[in-house]
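The values are calculated or read from the model by the stated rules, or taken from the named source; none is laboratory data. Since the model is a prediction, treat every value here as computed from it, not as a measurement. Using ideal geometry, Cβ is built from the backbone for each residue, glycine included, and neighbour counts are taken over all protein chains shown. Keep in mind that these areas ignore ligands, DNA and RNA; they rest on the heavy atoms of the full protein, side chains included. Shrake-Rupley method; radii C 1.70, N 1.55, O 1.52, S 1.80 Å.
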Amino acid sequence: MTRVLILAAGQGTRLRPLTNDKPKCLVSLLGQSLLARQVTTLRKAKINHIHIATGYRSDQIEALGFDTSYNPRYAETNMVETLFCATDYIKQTAALGEDLIIAYGDIVYQDQNLDKLLACDNEIALMIDAKWEDLWRLRLDNPLDDAETLVMDAGGFVKELGKKPDNYERIQGQYTGLIKLRSNKINDFIEFYQQLDRSANYDGKDFDNMYMTSFLQMLIDAGWQAKAAMVNSGWLEIDSVDDLEQYESLFDEGHLDQFFRVDC
């Protein structure tokens, strides 16, 4: 069995004014909120225990009836801190012997992408998009401006991610913000985090603001096996108003399916 933790604490400043009065995950994409679209996909896979780690405008997510954890320092911390504000839920998942999916709140993905992640029984599984460049070229003039390194070994295990690339050779895909932890590694995952040096610098960020990719890279460097669950498009990240307008324009033109199929 699998349970899910969706990270939805951020203020979504690049989506203003849409996020002036709502959390980023409740912004609408083609008539449904990002959260509703993600929850629908999870429930199709018979994953019904969905927990939300909240922060900004947490009241609006709580009003929807979800179990939640709250990051009171959401305005001054990053996603890893939000993740571990839900430690009680994570520990409960381990105690039940269930796997845990950790999902960013600003993504949507198709059923078959989730199926690829669920099929991985490794310590960590990461959804990786092999066709990432198509989506990045839609959103950016130069994909290298925003892309991050993603290097795998011959067995499909991720060895490096999250660095700034100088060229395309070290980009074998892009990490998409969807993680699965095997049940017997969840407590080790918590312990690894708790033993980190709070005074250290992590890829230019302090402990409270480390990137998720920095944390994943530390796990990999410590010997954890992070398997790439490879997909070919079938997902979207909604980070800005420009992203949203691009996707909705493509939908109106009948061309969004090459990136993500919308089941309205």
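Taking the Cβ of ILE238 as the centre, find all other residues whose Cβ is under 9 Å away and add up their charges (Lys, Arg: +1; Asp, Glu: -1).
Neighbour charge sum, excluding ILE238 itself: -3.
At a 1.4 Å probe radius, which order do HIS49, HIS255 fall into by accessible area, largest first?
The ordering from most to least exposed comes out as HIS255, HIS49.
So what's the net charge close to ASP206: Lys and Arg +1, Asp and Glu -1, counting the other residues with Cβ under 12 Å from its Cβ?
Value of the local net charge: -3.
Roughly how big is region 184-264's charge dipole about its Cα centre, with Cβ charges of +1 (Lys, Arg) and -1 (Asp, Glu), in debye to the nearest 20?
600 debye
Express as a percent, rounded to the nearest 5, the fraction of DSSP beta bridges in the chain (both residues included) that run antiparallel.
45 percent
Pick out, from ILE220, LEU30, SER183, the residue whose Cα sits farthest towards the positive end of the charge dipole of the chain, with +1 on the Cβ of Lys and Arg and -1 on the Cβ of Asp and Glu.
Of the listed residues, the answer is SER183.
Just need the relative contact order of the chain here, percent rounded to a whole number, with Cα pairs under 8 Å and 6+ apart.
After rounding, I find 24 percent.
Which percentage, to the nearest 5, of the DSSP beta bridges contained in region 33-161 is antiparallel?
40 percent
Heavy atoms of the protein only, probe of 1.4 Å, neighbouring chains included. What is the accessible area of ASP263 in Å², nearest 10?
Accessible area of ASP263: about 80 Å².
Excluding residues fewer than 8 places away in the same chain, name every one of the aspartates and glutamates whose C-alpha is closer than 18 Å to that of LYS163.
Straight-distance partners of LYS163: ASP129, GLU133, ASP145, ASP146, GLU148, ASP153, ASP203, ASP206, ASP221.
Compute the FRET efficiency between ARG73 and GLN194 as 1/(1 + (r/R0)^6), taking r as their Cβ-Cβ distance and R0 = 22 Å, and round to the nearest 0.05.
It comes to 0.80.
So, taking all protein chains as they sit and a 1.4 Å probe, how much accessible area belongs to GLU62, in Å² rounded to tens?
Using a 1.4 Å probe on the heavy atoms, I get roughly 90 Å².
Give me the net charge of ILE107's neighbourhood, meaning all other residues with Cβ under 12 Å from the Cβ of ILE107; Lys, Arg count +1, Asp, Glu -1.
Local charge sum for ILE107: -3.
Take every Cα pair under 8 Å in region 11-92 that's 6+ residues apart, average their separations, divide by the length, and report that relative contact order as a whole percent.
Taking the mean separation of contacting Cα pairs over the length of region 11-92, I get 23 percent.
If you take the beta carbon distance between THR13 and ASP206 as r and set R0 to 30 Å, what does 1/(1 + (r/R0)^6) give as a FRET efficiency, to the nearest 0.05?
The computed FRET efficiency comes out at 0.95.
Where does each of VAL151, VAL158 land when they are ordered by accessible area, with a 1.4 Å probe and the largest first?
VAL151, VAL158
Sort 123-130, 220-227 by packing, meaning the average of other beta carbons within 10 Å per residue, with the highest value first.
Final packing ranking: 123-130, 220-227.
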